[in-house]
Amino acid sequence: MMTMAKYLFCATLIWQLYQPAFAADMVISNAWSRATPAGAGMGAVYADFSNTSSWPLKIIRISTEVAVVSEVHESFEKDGLMRMREIKPFTIAPGATVSLRPGAKHIMLMKLKKPLEKGVKYALTAWVINASAVDEEQQPRSISAEVIVGGFGQMEKP
Ligand SMILES: [Cu+2]
């Protein structure tokens, strides 16, 4: 008869064998959005993306369940006006954290399916590849996080 310790060891080993080589290499934390007024088509997500692996990770796509289009944007000032542009791809160095904040990088949600109401939670998914791999056939991996919606004009995570 197998002892409990042996059983756990085997279960862990089997679990590890079935994980891709780069499992759990990125963590998305502190994900939040501001509330949007009724009828607004656009919103934004702010979050911290931490690369906990020892290779660079490239985020190739972001999706949410609340918007048709999700793009990574960067805000910048030009001629005294705040503007923004889409940035891609978005690579995170090994051990680094990229923070998306109001007035800086953010995920732009376009064609919102419904307004983002205060207190609502929704799912965000990032599609990630190992940027140092030479494998052209590499399948992007999905990493999900929960986004919480704060109030109007809020500047910090609720
Ligand atoms: Cu934007």
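We did not get these values from a lab; they are worked out from the coordinates using the rules stated. Everything numeric here is computed off the predicted structure, so don't read it as measured data. Here Cβ is always computed from backbone atoms with ideal geometry, including for glycine, and neighbour counts include all displayed protein chains.
Loop-located trypsin sites (Lys or Arg not before Pro) in region 56-134 (DSSP state other than H, G, I, E, B) with a sparse environment of at most 16 neighbouring Cβ atoms within 10 Å: Lys113, Lys118. With N counted as the residues of region 24-149, its alpha-carbon radius of gyration over 2.2 N^0.38 Å works out to 1.07.
All other residues whose Cβ lies under 10 angstrom from that of Pro89 are scored, Lys and Arg at +1 and Asp and Glu at -1, for a net of +3.
On the basis of the beta-carbon distance and an R0 of 22 Å, Glu146 and Ala40 show a calculated FRET efficiency of 0.55. Restricting attention to the chain, lysine pairs at least eight places apart or on different chains and with alpha-carbon atoms under 29 angstrom apart total 29.
Projected label points at Trp127 and Ala5, each 7 Å from Cα along the beta carbon direction, are separated by 4.6 nanometres. Counted by Cβ distance under 14 Å from Val27, the other residues give a net charge of -2, where Lys and Arg count +1 and Asp and Glu count -1. Taking GluC sites (Glu not before Pro) as exposed when their DSSP state is a loop state and no more than 14 other Cβ atoms lie within 10 Å, the longest site-free interval of the chain runs over 1-64. Can you give the local net charge around Arg141? Use residues other than it whose beta-carbon is closer than 12 angstrom to its beta-carbon, Lys and Arg +1, Asp and Glu -1. Local net charge: +1.
In this simple spin-label model, placing a label point 7 Å from the Cα along the Cα-to-Cβ direction at both Arg101 and Lys88 gives a separation of 2.6 nm. Backbone phi angles across region 42-58, fed through the Karplus curve with coefficients 6.51, -1.76 and 1.60 (θ = phi - 60°), yield HN-Hα couplings of 10, x, 9, 10, 10, 6, 10, 10, 10, 8, 9, 9, 10, 9, x, 10, 10 Hz in residue order; Gly and Pro are listed as x.
Residues of region 144-158 falling in the label zone of Lys118, defined by backbone nitrogen less than 17 Å from a point 7 Å along Cα to beta-carbon, are 148-158. Each of the chymotrypsin sites (Phe, Trp or Tyr not before Pro) that DSSP puts in a loop and that has at most 14 other Cβ atoms within 10 Å breaks the chain; the longest unbroken stretch is 19-151.
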